[in-house]
Each structure stands twice: as C-alpha cells, then as structure tokens.
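The values are calculated or read from the model by the stated rules, or taken from the named source; none is laboratory data. Keep in mind that this is a model prediction, so the values were computed, not measured. Here the Cβ is made from the backbone with ideal geometry for all residues, glycine too, and neighbour counts use every protein chain on show. Accessible surface is based on the protein model in full, side chains and every heavy atom, while ligands, DNA and RNA are left aside. Shrake-Rupley method; radii C 1.70, N 1.55, O 1.52, S 1.80 Å.
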Amino acid sequence: MMNDKKMGLKSAPTRGRTLDHAAFVYDALEPVLLLGKQAEYDKHIVSLLDLNESNRVLDLGCGTGVLTRMIADRLNAEAGGKAIGIDAAAKMIQVARKKRATVNCAFEVMAAESLSYEDVSFDAVVSSLFFHHVQMDLKEKALSEAFRVLRPGGRLVIADMHVPVTWMGSLVSHVSRWFFMQPQIGENIRGVLPDLIEKAGYQRPEIIATYFGYIALFSTQKPEK
Ligand SMILES: C[S@@+](CC[C@H](N)C(=O)[O-])C[C@H]1O[C@@H](n2cnc3c(N)ncnc32)[C@H](O)[C@@H]1O
C-alpha cells in the first residue's frame, strides 16, 4: 500500500497561514504553548460538544489531530460515530494520520473555507486555534461552510484568540501578532469572532471560559429552523 509521502499528498490551496513547516515539532511545542494545560483545555472543548456515541464531528484546522482523536475516542464506530479532522497543511495531515487515525478517526487535506462534504452531514463542528490563521473573508467562508455541513440544532464550538482579559493575555496576544507578523491575530484580538459567527447564521455564541487570558471557548448552535 502506498503511504502519503509516496502518493505525494499536497497541501490545499489557501491564503490562510498553514503550518506545514511546524508539523513535525507541533506535538512537542503545543503542550508548552498551552502551559501544560492541553489535556484540560481539550477535554473542556470536548465536553461542550455534548456528544452522543453515534455523532459525526468535523474538526477544522485539526493540526496533528490530538483533539480530533480525543473526540473519536468518545464515539462508537459501530453506531456510526466518527470524527474527521481537516487541515490545509499536508504535513500536518501526514502526522495526524500516522499517529492518530483509527477506524472512526480520519484526516483529510482540505481548506476550511472550501469543504468537500455534503450539506447537513455533521452533528457538530469544532475548531481550536484555527481562526487566527485566516483573514476576515476566510473566517467568514469557513464559518459559512461549517454552517452548511452542520445539521439544524448541531453544535459549533470554537476555541480561539479573542479580546484579552488579563494583562498577561494582552501581552502574549499583542506580542504574537507582531512577532508572527499575523494581522489575522489582530482581527481576533479586536473581538471579531462573535459577530462573524452570528452573521453566518448561528445563534449568538456564548463565551464559556477563557484560557490564559486570551483564548476564548465559544459555544453556539445552528438554529433548528
Ligand atoms: C495553531 S494550528 C491549530 C491546530 C490544532 N487545531 C490545535 O488546536 O492544536 C492551526 C492550523 O490551521 C491550519 N490552517 C491554516 N489555514 C487553514 C485553512 N484555510 N484551512 C484549514 N486549515 C488551515 C494550519 O495548517 C494549522 O495546522
């Protein structure tokens, strides 16, 4: 059987800031960036999805798939439960597939602003630390694509950089914006996400928690009708 490398897995075209270059060190870096709280943070996100074992869940900008796999482990493949992680960076998907794919945990190279899934094909959509990698128009497109594939009443949970609420959070987020020369971070810390989420058709999101003074956990739903 051919592996991803031999098949020449290619990154998806996007204007988003992809992390192909960081794929092989990402699993070592993220626990440090999340100050040793990655498991608690991921578990909190999963709890907000209110899963049942037969759910189909889509993870946007999944990176190496730690969160996707945590979700899949709570689902039952025989009951149809499945988690799918997508990322525009082929190298992230290679690492995710190698380390975390299972019978009900799959990973695909895909841009969040242009999903290849059918309408109403997921029970929940989740995303962690992805939206600060894409500029406004792609934030909007990714939200509206997620809306399209989500079933009515389905849950959207987003964890991402937002208006900082502590001086340390403010320092970290403003330094990151300038250090990485990433205006997309500037948009997040100005607080654009709740309005964009609502504009895409979801209920107004609630902020359930804030981590490290600058990462907000948003939870909302696609209206039933
Ligand atoms: C900071 S990482 C977050 C990874 C993971 N969700 C986590 O919480 O650790 C952001 C990810 O978004 C991906 N990305 C950037 N632009 C994208 C796009 N337009 N569509 C899908 N993924 C994208 C990057 O390649 C990167 O893997």
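Greater than 25 Å separation of Cα atoms is the criterion. Which listed pairs, LYS82/LYS222; LYS10/LYS222; LYS10/LYS43; LYS99/LYS222; LYS99/LYS199; LYS10/LYS98, meet it? Result: LYS10/LYS222; LYS10/LYS43; LYS99/LYS222; LYS99/LYS199 exceed 25 Å.
Considering only VAL125, ILE215, VAL175, and ranking their Cα positions along the charge dipole of the range 20-221 that arises from unit charges at the beta-carbon of Lys, Arg, Asp and Glu, the one farthest toward the positive end is VAL175. Spin-label model, LYS99 to GLU118: label points 7 Å out along the Cα-to-beta-carbon direction sit 3.3 nm apart. Cα centroid distance between the range 63-87 and the range 20-36, in Å? Result: 20 Å between the Cα centres. Net charge dipole, the chain: roughly 440 debye, given to the nearest 20, about the Cα centre with Cβ charges of +1 for Lys and Arg and -1 for Asp and Glu.
Taking a ≥ b ≥ c as the square roots of the Cα gyration tensor eigenvalues, the chain comes out rounded, since a/c falls below 1.5. Between LEU171 and PHE24, the simple label model (points 7 Å from Cα in the Cβ direction) yields a spacing of 3.4 nm. A Gaussian network model of the chain, with springs between Cα atoms under 10 Å, assigns the largest mean-square fluctuation among GLU30, GLU198, GLU187 to GLU30. When the chain is treated as a GNM with alpha-carbon contacts under 10 Å, the residue of LYS91, LYS82, LYS37 showing the greatest mean-square fluctuation is LYS37. Considering only alpha-carbon pairs that sit under 8 angstrom and 6 or more positions apart, the relative contact order computed for the chain is 18 percent.
Here the chain exposes an accessible surface that is 56 percent carbon and sulfur, computed with a 1.4 Å probe and the other protein chains kept in place. Restricting the GluC sites (Glu not before Pro) of the range 66-173 to loop positions (DSSP other than H, G, I, E, B) with no more than 15 neighbouring Cβ atoms within 10 Å leaves GLU118.
Give the shape of the range 122-163 as rounded, prolate or oblate, defined through the alpha-carbon gyration tensor: a ≥ b ≥ c are the square roots of its eigenvalues, a/c under 1.5 means rounded, and otherwise the shape is prolate if a/b is larger than b/c and oblate if not. Judged from the Cα gyration tensor, the range 122-163 comes out oblate (a/c at least 1.5, b/c at or above a/b). Accessible surface computed residue by residue for the chain, with neighbouring protein chains in place and a 1.4 Å probe, gives 48 Å² per residue.
For the range 11-43, backbone nitrogen atoms closer than 11 Å to the point 7 Å from PHE179 Cα along Cα-to-C-beta are found at 33. With the convex hull drawn around the C-alpha atoms of the range 152-225, the volume per residue stands at 75 Å³.
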